[in-house]
Amino acid sequence: MGSNTVKLGDLSVRYLLRLLSTYQGLGGNPDALTSRYGLSSHFLSDPDARISIPKFMRIGFDMINQTQQTDIGLLAGQQVNVSDLGLAGHLAMVSPNLQTALSTLCDYELLSSRNCRGHSQLLNDGDYLRMQFYSISPYNAFNEFVVDMVLSSWWKLTQWFTNKPIALKEVSFEYLMPEYSDKLEQYFGCTVRFNQPYNALLFYEDALNTPVAYANPLMATSLKRLCDQQLDAQSKTQSYTERVQEALGPMLEGTNPTLESVAKKINMPTWTLRRKLMQESSRFQDILDNTRQELAKSYIKDTDLALGEISYLLGFSSPTAFQRAFKRWSGMAPGEFRKAFKQNFLDRENIEALSNDAPTVA
């Protein structure tokens, strides 16, 4: 059977650099933090480097603990630069109007980030347009800051693109009201709602007709060609096994996806998808099992989610069924697996601390 390695996702190192800049502004030591997580200066200076989403979330959580600044995502979002989004950011900057600019950020999101849980969208919502970030529920200190960072970045870019006052109808967050909710309302300048069904900026429809201040049709044509080429290159390197894995992520929550439902999602006849997988020596059930297995390990290692929550996210019928499956995969219960991983992490930290404290020999 083909290789079915599954990841929660990754994102450009540019996002991490912005977070590190914010952390430094709060008095943190970025060099010590990046060293702790094994991130070399070579990695941080590589424009094509990507960091895994679990590691990014753990670093952000570490920053929050060290600075006691729970709104660090909001602060980082306010520091966004169009270059943080690479070619797609520059294409959005020269778009004719705000709606095209925001659509561009969604359409080419894969050029700077990939998440198995979904992707950002610009959707019609009656008389409004909704710029929506995918759900990463259930929420905790590991991931709330990510949503803050994304939505506040979008709002900063919106104002920068138009160079005019734009009013939002409202902003909604899936997570519960945080202690810094007043800062969010002050920043967005509108009603901010929590415990909502989606994470989104809600725009008045006429606002999105606002011209972009830096519109340049010729440059937009050139940049769009480059973005399409990069997106096409990414697509061509993806196997059908990987396409199925990517489709499965957002479909698992509370459900048990079928080959038919996945084929429909990726717009392909079921029999064609089955044949393509056979050509890659893959079977749908194996991909589904492996996707659940790898995501389960990632959730257990990189988040503090309860086992019942993980069970639901992966579409198991019950926590008991999940625990049985996990023991079959790893040889130990999920609770034991988490405890062993945390102990191993602490042991590595202690070794690093002892090495750092050791006297230097000339």
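Please list, ordered by chain and number, the residues whose modelled amide H lies under 5 Å from the amide H of ASN97; skip anything fewer than 5 residues away on the same chain.
Under 5 Å from the amide H of ASN97 lie the amide H atoms of VAL212, each far enough along the sequence or on another chain.
Given H placed 1.01 Å from N in the peptide plane, which residues other than close sequence neighbours of ASN199 have an amide H under 5 Å from its amide H?
The list, which skips near neighbours in sequence, is PHE133, GLU174.
Per residue, how much space in cubic angstrom lies within the convex hull of the C-alpha atoms of the chain? List each step's numbers first, then the result.
Values: hull volume 62.1 nm³, N = 362.
Given the Cα convex hull of the chain, per-residue volume reads 171 Å³.
In the structure shown, do any of LYS55/LYS339; LYS301/LYS327; LYS156/LYS297 have a Cα-Cα gap over 26 Å, and if so which?
LYS156/LYS297
If I model a spin label as a point 7 Å beyond the Cα along the Cα-Cβ vector, how far apart are those points for GLU185 and ALA321 in nm?
It is 4.3 nm.
Using a basic spin-label model with each label point 7 Å from the Cα along Cα→Cβ, how many nm lie between LEU176 and ASP84?
2.8
For the chain, what is the accessible area per residue in Å², given a 1.4 Å probe and the full set of protein chains? Provide the component values of the computation, followed by the final result.
Working: 17780 Å² over 362 residues.
Accessible area per residue: 49 Å².
Mind checking which aspartates and glutamates have their Cα closer than 20 Å to the Cα of LYS342? Skip sequence neighbours fewer than 8 apart in that chain.
ASP62, GLU294, ASP302, ASP304, GLU309, GLU352
Amide H of PHE194: which non-local residues (sequence gap of 5 or more, or other chain) have their own amide H closer than 5 Å, using H built in the peptide plane?
When sequence neighbours closer than 5 places are left aside, the close amide H contacts are PHE173.
Report Rg/Rh for segment 242-330, rounded to two decimals, where Rg is the Cα radius of gyration and Rh the Kirkwood radius.
We get a ratio of 1.00 for segment 242-330.
Share of antiparallel DSSP beta bridges in the chain, in percent to the nearest 5?
Counting DSSP beta bridges with both partners in the chain, the antiparallel share is about 90 percent.
Give me log10 I(q)/I(0) at q = 0.15 Å⁻¹ for segment 150-254, Debye formula, one equal scatterer per alpha-carbon, no solvent.
Ignoring solvent entirely, the Cα scatterers give -0.92.
Using R₀ = 35 Å, calculate the FRET efficiency as 1/(1 + (r/R₀)^6) where r is the Cβ-Cβ separation of SER35 and ASP127; round to 0.05. Before the final figure, lay out each step's value.
Values: r = 51 Å, r/R0 = 1.46.
Rounded to the nearest 0.05, the efficiency is 0.10.
So for segment 106-263: antiparallel DSSP bridges make up what percent, rounded to the nearest 5? Provide the component values of the computation, followed by the final result.
Working: 15 of 18 bridges.
Beta bridges within segment 106-263, antiparallel portion: roughly 85 percent.
Work out the FRET efficiency for GLN279 and SER135 from their Cβ-Cβ distance, taking R0 = 30 Å, and round it to the nearest 0.05.
Using R0 = 30 Å, I get an efficiency of 0.35.
Can you classify segment 73-122 as rounded, prolate or oblate using the Cα gyration tensor, where a ≥ b ≥ c are the square roots of its eigenvalues, rounded means a/c under 1.5, and otherwise it's prolate if a/b beats b/c and oblate if not?
Oblate, because a/c is 1.5 or more while a/b does not exceed b/c.
Out of the total accessible area of segment 134-218 (probe 1.4 Å, heavy atoms of protein only), what percent is carbon and sulfur?
On segment 134-218, the fraction of accessible area on carbon and sulfur atoms equals 51 percent.
For LYS236, list the aspartates and glutamates whose Cα falls under 14 Å from its own Cα; do not include residues on the same chain fewer than 8 positions away.
ASP228
Which aspartates and glutamates, if any, have their Cα less than 13 Å from the Cα of LYS276, not counting same-chain residues under 8 positions apart?
Within the straight-line limit of under 13 Å, LYS276 reaches these aspartates and glutamates: GLU242.
The values are calculated or read from the model by the stated rules, or taken from the named source; none is laboratory data. Worth saying up front: this structure is predicted, and the values here are computed from it rather than measured. Here the Cβ is made from the backbone with ideal geometry for all residues, glycine too, and neighbour counts use every protein chain on show. Ligands, DNA and RNA are excluded from the accessible area calculation, which covers all protein heavy atoms including side chains. Shrake-Rupley method; radii C 1.70, N 1.55, O 1.52, S 1.80 Å.
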